[in-house]
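Colleague: Just passing along the structure, written as structure tokens.
The values are calculated or read from the model by the stated rules, or taken from the named source; none is laboratory data. Because the structure is predicted, anything quoted here is derived from the model rather than measured. Cβ coordinates were reconstructed from backbone atoms using ideal geometry, including for glycine residues, and neighbour counts include every protein chain displayed.
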């Protein structure tokens with residue numbers, strides 16, 4: 001069974017002559033464990049699509065299924081809980097809480113859900129992410145690459161089946177970008193998670209199992225073509 005299924009998503013803003021079609025009848029599916037890159041020009045609709053998948057925004061019409069669950073059929077409270085337990089978000093701006101330490105930022109989603117953190121898993125993540133010696137540090141005491149590692153750890157801490165990453169290397173230099181991308185792929189593979197990542201960087205898209213391109217709200221599945229170098 002596909003982990004994610006998107007069916008005929010349409011998203012419009014405004015009405016009449018000012019109406020904008022951000023997404024036009026978008027449909028695709030993603031099996032468990034696949035690493036997918038979404039590419040497209042600025043304003044093409046790719047961030048809107050990611051927000052639909054993550055149930056951060058509501059489509060004008062269409063459906064999104066995660067693990068067989070129709071997310072937009074859920075009531076708000078149930079959807080909030082489902083999203084927190086099944087989807088991990090990694091944002092370009094990190095969105096860490098400045099007053100909380102590395103460890104506290106990572107376990108924060110679990111505390112929101114009134115769950116007790118698994119200490120063994122926390123230690124494992126801190127080690128895998130290279131943050132074990134930074135666990136007591138505040139975000140302001142970390143480099144950009146380290147902050148993004150914390151954001152990845154926070155996204156993985158709830159053991160989500162789906163990880164959504166919006167330009168996760170956009171604020172990093174080339175070395176940190178390569179390290180964070182490799183880390184994201186390795187941890188996703190290690191913990192058997194499906195990853196959907198927005199990127200403007202063709203070199204990063206090349207590393208994905210599959211590439212989806214969004215242009216003027218229309219989605220095209222490029223398959224693994226970019227991985228073979230035939231998308232250039």
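Colleague: Which residues, taken from the stretch 209-226, are at pLDDT below 90 and in a loop (DSSP other than H, G, I, E, B)?
Modeller: Answer for the stretch 209-226, where residues must be at pLDDT below 90 and in a loop (DSSP other than H, G, I, E, B): 224, 225.
Colleague: Counting only residues that are part of a helix (DSSP H, G or I) and in contact with a helix residue (DSSP H, G or I) (Cβ under 7 Å, 6 or more places away or on another chain), which one in the stretch 129-146 is nearest to residue 95 (Cα to Cα)?
Modeller: That would be 139.
Conditions tested, residue by residue: (1) on the phi < 0 side of the Ramachandran plot; (2) surrounded by 14 or more Cβ atoms within 10 Å (Cβ to Cβ); (3) part of a helix (DSSP H, G or I); (4) at pLDDT 95 or above.
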residue: 111; (1), (2), (3), (4): yes, no, yes, no
residue: 127; (1), (2), (3), (4): yes, no, yes, no
residue: 148; (1), (2), (3), (4): yes, yes, yes, no
residue: 152; (1), (2), (3), (4): yes, yes, yes, no
residue: 164; (1), (2), (3), (4): yes, yes, no, yes
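Colleague: Would you confirm whether any residue within the stretch 166-183 is touching a residue at least 60 places away in the same chain (Cβ under 8 Å), under 25 Å from residue 116 (Cα atoms) and surrounded by 16 or more Cβ atoms within 10 Å (Cβ to Cβ)?
Modeller: no
Colleague: Now for a different question. Output the number of the condition that residue 223 fails; it satisfies all remaining conditions of (1) more than 19 Å from residue 50 (Cβ to Cβ); (2) surrounded by 18 or more Cβ atoms within 10 Å (Cβ to Cβ); (3) in contact with a strand residue (DSSP E or B) (Cβ under 7 Å, 6 or more places away or on another chain).
Modeller: (2)
Colleague: I'm checking my understanding of the structure. Among residues of the stretch 7-48 that are touching a strand residue (DSSP E or B) at 6+ places or on another chain (Cβ under 7 Å), outside any strand (DSSP E or B) and without any contact (Cβ under 8 Å) to a residue 24 or more places away in the chain, which one is farthest from residue 221 (Cα to Cα)?
Modeller: Here the answer is 14.
Colleague: Could you tell me which residue of the stretch 61-93 is surrounded by the most Cβ atoms within 10 Å (Cβ to Cβ), considering only residues that are in a loop (DSSP other than H, G, I, E, B) and at positive phi? Can you show your working first?
Modeller: Filtering the stretch 61-93 down to residues in a loop (DSSP other than H, G, I, E, B) leaves 67-68, 74-75, 92-93.
Imposing the further condition that a residue be at positive phi reduces the set to 67-68.
Numbers: 67: 15, 68: 9.
Across the stretch 61-93, the extreme among qualifying residues is 67.
For every residue, the table says whether it meets (1) in contact with a helix residue (DSSP H, G or I) (Cβ under 8 Å, 6 or more places away or on another chain); (2) more than 30 Å from residue 203 (Cβ to Cβ); (3) surrounded by 17 or more Cβ atoms within 10 Å (Cβ to Cβ).
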{"position": "6", "(1), (2), (3)": "yes, no, yes"}
{"position": "9", "(1), (2), (3)": "yes, no, yes"}
{"position": "12", "(1), (2), (3)": "no, yes, no"}
{"position": "25", "(1), (2), (3)": "no, yes, no"}
{"position": "33", "(1), (2), (3)": "yes, no, no"}
{"position": "38", "(1), (2), (3)": "yes, no, yes"}
{"position": "41", "(1), (2), (3)": "no, no, no"}
{"position": "45", "(1), (2), (3)": "no, no, yes"}
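Colleague: Please go through the stretch 49-60 and pick out each residue that is touching a residue at least 40 places away in the same chain (Cβ under 8 Å) and either assigned to a strand (DSSP E or B) or crowded, with 17+ Cβ neighbours inside 10 Å (or both).
Modeller: Once the filter is applied, which keeps residues that are touching a residue at least 40 places away in the same chain (Cβ under 8 Å) and either assigned to a strand (DSSP E or B) or crowded, with 17+ Cβ neighbours inside 10 Å (or both), the stretch 49-60 yields 49, 50, 52, 53, 54, 59.
Colleague: Filter the stretch 29-60 down to the residues that are on the phi > 0 side of the Ramachandran plot and over 14 Å from the mean Cα position of the chain (by Cα), then identify the one that is modelled with the lowest pLDDT.
Modeller: My answer is 43.
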